[in-house]
Ligand code: ATR
């Protein structure tokens, strides 16, 4: 990949996180920019963990068009925004900030769109309305996923978590057709589901597998992991061994990036560049 020329009119956007070093977002967005011939650039920003507000408030006015926001700043991003989308409000987190010229900051959350698009792409024909969906975990990722699935018409979301109280808190915060279940009762929670989605951090970078009885889910259930390092987590490997259709976290990462790209650069990403192949190469897959 050749680096695009920087001009006086280059539109700047980026990703902010701590750490941000291993983010694949610069690779994805810059590949799209280059393929589309857009005069733009996408850079990583790594303020200190206690320096997010000062950093983001300093960008008010639009000299930097916008930011994707990753851990641990998604809640802080929501808190400093002047306008908040319904998706970000439901997720209680923002993964996208846009800096308007008048100084206002607009927060959105495209993780839910990314989740639904990844399911549609890697499990063709999957319909979130077709049955209950089990979401493992009760952190920010799980809450965002549950909110997006309910908004997409899932008849019920079952929040399954090691610490039941946290699952109950997510269920109470979101309301609607959502129930909390302990991880020890996962077999019952998996009965009759259309999908099982791992939104815990278990499986990340070779940490242990999640103790979840996937064999208790129906054979046609789709199994997804939001973790993408490794691309095939122990959880997904077990699902594949059971013959389940699987969806990986890399597809979600790419699909949440697409609406962000459009918010920054004013048009959807080009389709002719295979950013998944580039990302897989960067992951060593
Ligand atoms: P995030 O905001 O990114 O979702 P988080 O708030 O740290 O991250 O939440 C991580 C989730 O993964 C939690 O639901 C955690 O379970 P607890 O609430 O019981 O702590 C879950 N988790 C992490 N490692 C796990 C493991 N090995 N087994 C089961 N659940 C795990």
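Inside the range 58-76, residues that are without any contact (Cβ under 8 Å) to a residue 40 or more places away in the chain and part of a helix (DSSP H, G or I) make up a count of 1. Among the residues making up the range 63-73, a single one is surrounded by fewer than 16 Cβ atoms within 10 Å (Cβ to Cβ) and either over 22 Å from the mean Cα position of the chain (by Cα) or within 21 Å of residue 6 (Cβ to Cβ) (or both): 63. Go through (1) crowded, with 24+ Cβ neighbours inside 10 Å; (2) away from the ligand (no atom under 14 Å from the Cβ) for residue 136 and report which single condition fails. Status for residue 136: all satisfied but (2).
Given the residues 117, 86, 76, 101, which is the only one that is surrounded by fewer than 20 Cβ atoms within 10 Å (Cβ to Cβ) and within 16 Å of the ligand (Cβ to nearest atom)? Answer to the check: 76.
Is at least one residue of the range 15-36 surrounded by fewer than 16 Cβ atoms within 10 Å (Cβ to Cβ) and more than 19 Å from the chain's Cα centre (by Cα)? Checked the range 15-36: no residue is surrounded by fewer than 16 Cβ atoms within 10 Å (Cβ to Cβ) and more than 19 Å from the chain's Cα centre (by Cα). What do you reckon, is residue 271 assigned to a helix (DSSP H, G or I) and either away from the ligand (no atom under 16 Å from the Cβ) or exposed (fewer than 14 other Cβ atoms within 10 Å of the Cβ) (or both)? It is false that residue 271 is assigned to a helix (DSSP H, G or I) and either away from the ligand (no atom under 16 Å from the Cβ) or exposed (fewer than 14 other Cβ atoms within 10 Å of the Cβ) (or both). Selection within the range 161-197: residues that are more than 9 Å from the ligand (Cβ to nearest atom) and in a strand (DSSP E or B). The member of this set that is nearest to the chain's Cα centre (by Cα) is 197.
Read-outs throughout are calculated quantities, based only on the coordinates presented, and are distinct from any laboratory measurement. Computed from a predicted model, the values in this text were never measured in an experiment. Positions of Cβ are backbone-derived with ideal geometry, glycine not excepted, and every protein chain shown enters the neighbour counts.
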